[in-house]
1. For segment B:69-174, what is the convex hull (Cα atoms) projected area averaged across all directions, in square nanometres?
2. Find, to one decimal place in angstroms, the Kirkwood hydrodynamic radius of chain B, where the mean of 1/r is taken over every pair of different Cα atoms and then inverted.
3. How large is the translational diffusion coefficient of segment B:229-300 in µm² per second when you combine the Kirkwood radius over alpha carbon pairs with Stokes-Einstein at 10 °C and 1.306 mPa s?
4. Restricting to DSSP H runs of at least four residues, report the calculated mean residue ellipticity at 222 nm for chain A, -39500 (n - 2.57) per run over all residues, nearest 500 deg cm²/dmol.
5. Just flag the GluC sites (Glu not before Pro) in segment B:289-320 sitting in loop per DSSP whose Cβ has no more than 15 other Cβ atoms within 10 Å.
6. With the convex hull built on the Cα atoms of segment B:26-87, state its orientation-averaged projected area in nm².
7. Say R0 is 45 Å: what FRET efficiency, to the nearest 0.05, do B:Leu312 and B:Glu252 get from their beta-carbon distance?
8. Within 10 Å of each Cβ in peptide B:47-57, how many partner chain Cβ atoms are there on average? Round it to a whole number, please.
Amino acid sequence: MAAADVIVIGGGIGGCALAYHLCGRGRSAIVLERRGVGDAGSGRNAGGVRQQARHPAELPLAMAAIERWPGLERELGAPTEYVQRGNLVLAQSEASVRRLEQRLAWQAPFDLDSELIDGAQLRRLLPFAGPRARAALHCASDGHANPLLTTAAFAAAARRRGARIETGAEVRALEQTAAGWRAVTDRGRYDGEVVVNVAGAGAAALGALVDRSLPIVGARTQTLVTERAAPLFDQFVQDWDAKLFARQTVSGNVIFGDLTEDYLLAGRQVRPADAVRAARAALDALPALAELQVIRAWGGTLDVSLDRMPLIGPLDGLPGHFVSAGSSGHGFALAPVVGELLADWIVAGRRSPLLAPFDPARFSSTGTVDNNAEQAA
Amino acid sequence: MRPELELRNLVRRYGDETVVDGVDLTVGKGELVSLLGPSGCGKTTTLRMIAGFAKPSGGQIVVRGEDVSALPVHRRGVGLVFQSYALFPHLSAAGNVAFGLKRRRTPRGEIAGRVREALAKVQMDGLGDRMPAQLSGGQQQRVALARVLVLEPSLILLDEPFSNLDALLRETMRSELRTIQQRLGFTALFVTHDQEEAMALSDRVAVMERGRLVQVDRPEVVYHRPATRFVAEFIGRANLFAGTVEAAAGGELAVRAAALRWQAAGTAARGAAVDVMVRPDCVALAPVAAGEEGGDPGPNAARGEIVQTEYLGSGCLVTLRTDGGERLLAEIRTAADGAAELVPGRRVLARWAARDVRVLDAGRAGAEGGAEAGAAAAAALPGAS
């Protein structure tokens, strides 16, 4: 049996960042990861580090995150491949242009450097864009990073501060003890005063272990990687009609994927049908990608919540039990700041107002925020 | 004097749908103009185009003589206040007001003073250290206004800024906004669907219907001299009847609308189809005693029975059924002599003056010219321009 002040369940970027900040505040932490660090969503997501086009409830948190990203590589002492060269959200249809305008109006109170540009302006910024994009939202202070390297950087930095990261340790049971919580795994038992569920798509199953229903499901995504190419574009690019994301890494590979989420399948396998769909999306938005060879592909799992906003906070009626999951495909950029603010909350007992919109209790009462609101309207 | 804002034939289409359909509007320096209309009329899209959140499909947006249509939001020199006051939750009131100054690299030494001044302008002196969660809705909206004022824009756009506040606070805030706007002299365009708010606040009201401006004028003109039937019905209460011109001479019209005879100023051809309107507050009521019924009450008058009374506070809204079967509204002062006698079942004589009757082009076949409707709809600067 092992013990620490805090047991963190989930060795993704959220769990590793949390452990890193807990240890920086004089607390001991053990991270329990059922497979390997960054093996699920954290190592396999699009890598966008973006403020714009978010729900206004999440935007201040994203802006706070972007203040931390430029210094992260130095702070963690390991590469993140962070590139702050802008985010472009392309729109081909009038409906998508309207959604972009709506997002721009939503975010206006926060004075973000985001603007709506027409097709000609877009092609000056991104000559690589295909002919169908008619407008785009551009935010120069956004960018992208390598999610697997960033997760590994947090894990290594957490270990240096004394955190234990146990891989291959799947939690089978969670028991309340006199002093707090006990996590039971195949590899042993772990005791802590506080337990934090940062298990991504596995968060709902962990919730079920303590009789709590967390409205989070896994959704599969498909990603393809091309051979290395000369620099083509340096922004993080999304297209809401082609349902595509794309970025070019510092080594020249273009990583792209399909934003369509498949809720019926989870897992890391590559399905030819999904790969073809992702390739079609790429050719629709960025036809010049046709010239590049695809050298690798992977599937990944996102943790999508009912209102597509994260759940961050304690669970009702379970003292010392926190959850931080359900970031619904836009959590990678936020992880550095969420880990820091959640560590503050656990250590000092004070919630940052930036986390207030994400109280898990919103699903047990009224007053939800809904990131899909304008689609329903 | 050069106008602060000019919209020239502004158009916005989404696919086949034309949401804003050729809007021309000029707003003078220091003027507060409301863009008023029902939801879906295009007022929010118009505001978004001025702010830079949406690209016009056609036309021009000119701010202080410069076409800003191609400029991004933050280069337009336009301040924005929204329905959602959306403050940074982790920054104090002062921190929120300072945010925009810091982004614009204002010298450090200047910031504290300017923030203090801006908070004072919205009566938030001494509350700069409070966090948004510690402030009431009205105080948060004041901070949101201070956040805009501190940047000293000469044009401020307000998008239904008070619609999240309760009724009493909304009234307080709109009168405060008016006071601040007049004291500081900034130009403001205020989008609202609330006609009462628009009337109370504005130098001029621009009424929008299905993507077009149908009337731009001072509140009292829009109220008493509506340019169209839509304006007459959308702004306040109206007694509105379809009728036919029976005689026209020397700028005077005689109109028959249902069982009522009307006299009013106007020009239209004999036989033309028109709408006639009189506001309920221009209709006077007098009780009719038994045996005083007499014959024809004459034009601009009707006898009838009170069917309902509704107290509005200072006034009372009385619904009559006229002897001809028309439904007629009269708004009387509760404190007026004889008001207590005006109860349901009572027979009354209703009268109104010819100068209070508005004759509108009904737009039906046979109608000829709009009885000054067109002139009132022109979007010109008021008086001095």
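Just so you know, all these numbers are worked out from the coordinates, no wet-lab data involved. Since we're looking at a predicted model, the values are computed, not measured. All Cβ positions, even for glycine, are placed from backbone atoms using ideal geometry, and neighbour counts span all protein chains on display.
1. It is 7.0 nm².
2. Details: mean 1/r = 0.0428 Å⁻¹.
Hydrodynamic radius (Kirkwood, Cα only) of chain B equals 23.3 Å.
3. 116 µm²/s
4. Using -39500 (n - 2.57) per qualifying helix, the result is -8000 deg cm²/dmol.
5. Working: sites: B:Glu292, B:Glu293, B:Glu305, B:Glu310; in loops: B:Glu292, B:Glu293.
Taking segment B:289-320 and a limit of 15 other Cβ atoms within 10 Å, the loop GluC sites (Glu not before Pro) found are B:Glu292, B:Glu293.
6. Mean shadow area of the hull around the Cα atoms is 5.3 nm².
7. Working: r = 34 Å, r/R0 = 0.75.
With a Förster radius of 45 Å, E is 0.85.
8. Mean number of neighbouring Cβ atoms from other chains: 4.
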